[in-house]
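Remarks on the structure that follows.
Just so you know, all these numbers are worked out from the coordinates, no wet-lab data involved. What you see is a predicted model, and the numbers here were worked out from it, not measured in a lab. Positions of Cβ are generated from backbone atoms using ideal geometry, with glycine treated the same way; all protein chains shown enter the neighbour counts.
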Amino acid sequence: MGLSLTPEMILVLGLVGFTMLMLVLEWIRADMVALLVVVTIGLTGLIPSDRVFNGFAGNAVIAIMAIMIMGEGLDRAGVLNLTAHFVMRMARGVESRLGLVINLVASLFSAVIPSQALAALMIPVSSRLSARTGVPLSKLLLPMAFCILTATNTTLIANSPLIVLNDLIASANANLLPGAHTIPKFGLFSVTPVGLTLSLVGVLYFYLFGRKLLPDHEDARLKVTPGRTESYFAETYGIGGETAELTVTAESPLVGMSIGEVEQLHDAPLILAIKSGNDARMAPPADHVIWVGSVLGVLGPREQLTQFANNQLCRLSTRMRQLGELFNPTRAGISEVVIPPVSRFIKQTVGDLRLRKRFGISVLAVTRGDQVFRDDVRAVTLRAGDTVVLHSNWRDLALASEDKDLVVVTDIPKEEQRPGKIWQAVGFFVLAKCLALFTNLDLSVAMMTGAIGMLLTGVLNMDEAYRAINWKTIFVTACLIPLGWSMDATGTAAWIAQVVLQHMGHASPWLLQASLAILTLLFSQVMSNVGATVMMVPIAISVAVATGGNPSAYALIVAVSSSNTFLLSSGHPALMMVTGPGGYRGKDFLRVGIPLTLLVLVVTLVAINLMFR
């Protein structure tokens, strides 16, 4: 006799629908949606109250936190800079070879560093290589991001859906019928044959077809990549001219005005610095008052500067006598940053962020797709993927990027923070992998051992470890796992599988698996891949059990397909982060992504079925 739809199932289906709708529409923050769902599960008793928040202490969440900390430790020790030097030596400036080596390196690191964190680390590396070789950034970033996603399934170390998979399997085992065979959990390298195959597919895809598929619109924005020079910012954003000093005289109407008021004046240049008395500072805040004798460091065309100085009764000097040290290009300059999807700056205006007062950073422009915002930039509300043009001291910019609210794209001078700790960082990273591979320790214990080792040896400190953790990802993952548990506990997953089989009961296993994979990858395009995994794995396991298939194979197909997100720039945080710097458009993703999506789908099905035959 078939399962009947119960009130508990209806409630779970409602929560699933609500979660999907909110994650797609983004009316409410993803972490708030996840918290709301888990609290509702607790209030309604869909799972025992003492298990509601077990996701926060689960193996998956602890392992993800430890991996984030170790990834930060590797970055601070300079592993990525050594990688950049290695890529330069291997590529020797040849475009095809450079792209191949970058993709191989990205694929290698993707097996051990979470995709979003790796993209944030690889963007400035790619920018540096682009600047030194003259290869346009648009030829490097999209293949790099896609190869990160094709290779992320190589191990359970850095892929959140695969890490979550074992928790979902444990929940399914707890709800199996008496006497049924339990589903084995996946080991650290159980998925490596599939992951390596997909990784090879991604690298070969761009090596063989990259020239034909990657965008050809090498406009001014992308031709002046080398060095991210002044001509680049003039061509791209209209930020040009020269720096100069304006000395405010006693007769000047600027006396007593604030920086914000001066910037509202007609034809006012960009004000980048100020010196009042012996106090000189970059990026003066909007409420900073100008007095007699104040020296303004400004940027603009010579004619505009001359006219503004005459109108405002200021003395113009094109030689930086008093502010020259602040404008030394080895210490300060113009740069580009990207707003990542987890940034706290999202949905805030530039003015509300008070970047001048907090970090000494001036915002010169914001670009979003083909739009460039320069006028009244303080009123622009930031979105994920926006590219922001800044002027700052390099040290101030590095400090501002510590909290992961922005990702620096420009190749800027950067000191290695812990160059003497590279062997400790690599050693404890390898130790964690060996513990996970050769012992019976849970993944969370093995990974946290490596993280603690880095902390004890000074690779990074506790404050840096806290900042390394993407708390939004942690909350979303920890709160959505109980939703998957409730699908098993209430029989909702089994009921959905029953409905599916009523319509596709005579379909071949290949068709059932393909349907589950396609549904998962489509969900992942518009919501988080962890959310898609949590919702689809219980259904996949139930379909496999009902048809006599291998539940492990069906569950793995879903988890791997959740990373098959190549169709939209919004499909994955790593893709959103490269869209602005690479100048990509929606049609670029479709042209490159559709063939790769189909290829990855077919290879996934074939590889997993061969592995479980």
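Order of 264-276, 56-68 by packing, highest average Cβ count within 10 Å first?
On the way: 264-276: 18.2, 56-68: 22.4.
Per-residue Cβ counts within 10 Å, averaged per peptide and sorted highest first, yield 56-68, 264-276.
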(request) Would you pull out the residues with amide H under 5 Å of Val342's amide H, same chain only if 5 or more places away, H placed 1.01 Å from N? (result) none
(request) Report, by chain and number, residues whose modeled amide H sits under 5 Å from the one on Leu364, excluding near sequence neighbours (fewer than 5 apart, same chain). (result) Val389, Leu390, His391
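Hey, what number do you get for the chain at 222 nm if only DSSP H runs of n ≥ 4 count, each worth -39500 (n - 2.57), divided across all residues, to the nearest 500?
Numbers: 26 runs with 345 residues, N = 613.
That comes out to -18000 deg cm²/dmol.
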(request) Could you tell me how many degrees, from 0 to 90 and to the nearest 10, lie between the Cα long axis of helix 192-213 and the main elongation axis, the longest principal axis, of the Cα atoms of the chain? (result) 50 degrees
(request) Would you mind ranking Cys147, Cys314 so that the residue whose beta carbon has the fewest other beta carbons within 10 Å leads the list? (result) Cys314, Cys147
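Any idea what the relative contact order of the range 332-408 is, in percent, if you count C-alpha pairs under 8 Å spaced at least 6 apart? Don't skip to the answer; put the middle values down first.
On the way: 149 pairs, mean separation 37.2, N = 77.
The normalised contact order for the range 332-408 reaches 48 percent.
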(request) Compare the Cα positions of Pro509, Val499, Met487 along the charge dipole of the range 421-528 (+1 at Cβ of Lys, Arg; -1 at Cβ of Asp, Glu; about the Cα centre) and return the one farthest towards the positive end. (result) Pro509
(message) Based only on other Cβ atoms within 10 Å, what is the fewest-to-most ordering of Tyr554, Tyr207?
(response) Tyr207, Tyr554
(message) On a straight-distance basis, which aspartates and glutamates could pair with Lys212 in a cross-link, Cα separation under 15 angstrom, same-chain partners fewer than 8 positions away excluded?
(response) Glu95, Asp588
(request) Could you give log10 I(q)/I(0) at q = 0.15, 0.23 Å⁻¹ for the range 332-408, computed by the Debye formula over C-alpha point scatterers of equal weight, without solvent? (result) -0.42, -1.09
(request) Calculate one ³J(HN,Hα) per residue across the range 503-520 by plugging θ = phi - 60° into the Karplus curve 6.51 cos²θ - 1.76 cosθ + 1.60, and present them in order as whole Hz with x for glycine and proline. (result) 9, 10, x, 9, 6, 6, x, 4, 5, 4, 5, 5, 4, 5, 5, 5, 4, 5
(message) Could you compute the net charge surrounding Val112? Neighbours are other residues with a C-beta less than 15 Å from the C-beta of Val112; K and R count +1, D and E count -1.
(response) -1
(request) Report ³J(HN,Hα) in whole Hz for each residue of the range 135-142, in order, from the Karplus equation J = 6.51 cos²θ - 1.76 cosθ + 1.60 where θ = phi - 60°; Gly and Pro get x. (result) 6, x, 4, 5, 7, 10, 6, 5
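Which GluC sites (Glu not before Pro) from the range 366-456 combine a DSSP loop assignment with at most 16 other Cβ atoms within 10 Å?
Answer in residue order: Glu415, Glu416.
Just need the Rg to Rh number for the chain, please, alpha carbons only, Kirkwood Rh.
Across the chain, the Cα-based Rg/Rh ratio is 1.03.
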(message) Can you give the local net charge around Ile183? Use residues other than it whose beta-carbon is closer than 14 angstrom to its beta-carbon, Lys and Arg +1, Asp and Glu -1.
(response) -1
(request) Could you give the size of the charge dipole of the chain about its Cα centre, using +1 on the Cβ of each K and R and -1 on the Cβ of each D and E, expressed in debye and rounded to the nearest 20? (result) 1100 debye
(message) With every atom except the alpha carbons ignored, what do you get for Rg and Dmax of the range 539-613, in angstroms?
(response) 15.6, 48
(request) Would you list, by chain and number, the lysines whose Cα falls below 18 Å from the Cα of Lys185, excluding same-chain residues fewer than 8 positions away? (result) Lys433
(request) Arrange the following residues from fewest to most other Cβ atoms within 10 Å of their Cβ: Val592, Val380. (result) Val380, Val592
(message) Given the options Leu80, Gly297, Gly580, identify the residue whose Cα lies farthest towards the positive end of the charge dipole of the chain (+1 on Cβ of Lys, Arg; -1 on Cβ of Asp, Glu).
(response) Leu80
(request) Please go through the range 57-154 and write out the trypsin sites (Lys or Arg not before Pro) that DSSP classes as loop and that have at most 15 other C-beta atoms within 10 Å. (result) Arg92
(message) Run through the range 384-457 and list the trypsin sites (Lys or Arg not before Pro) located in a DSSP loop whose Cβ has at most 12 other Cβ atoms within 10 Å.
(response) none
(request) With θ set to phi - 60°, apply the Karplus curve 6.51 cos²θ - 1.76 cosθ + 1.60 along the range 463-477 and write out the HN-Hα couplings as whole Hz, x wherever there is a Gly or Pro. (result) 4, 5, 5, 4, 5, 6, 7, 7, 5, 5, 4, 4, 5, 4, 5
(request) Compute the relative contact order of the chain as a whole-number percentage, counting only Cα pairs closer than 8 Å that sit 6 or more residues apart in sequence. (result) 21 percent
(request) Using +1 at the Cβ of each Lys and Arg and -1 at the Cβ of each Asp and Glu in the chain, identify which of Ser4, Val606, Val407 lies farthest towards the dipole's positive end. (result) Val606
(message) Exceeding 23 Å between C-alpha atoms, which entries from my cross-link table qualify? They are Lys421/Lys472; Lys347/Lys587; Lys275/Lys357.
(response) Lys421/Lys472; Lys347/Lys587
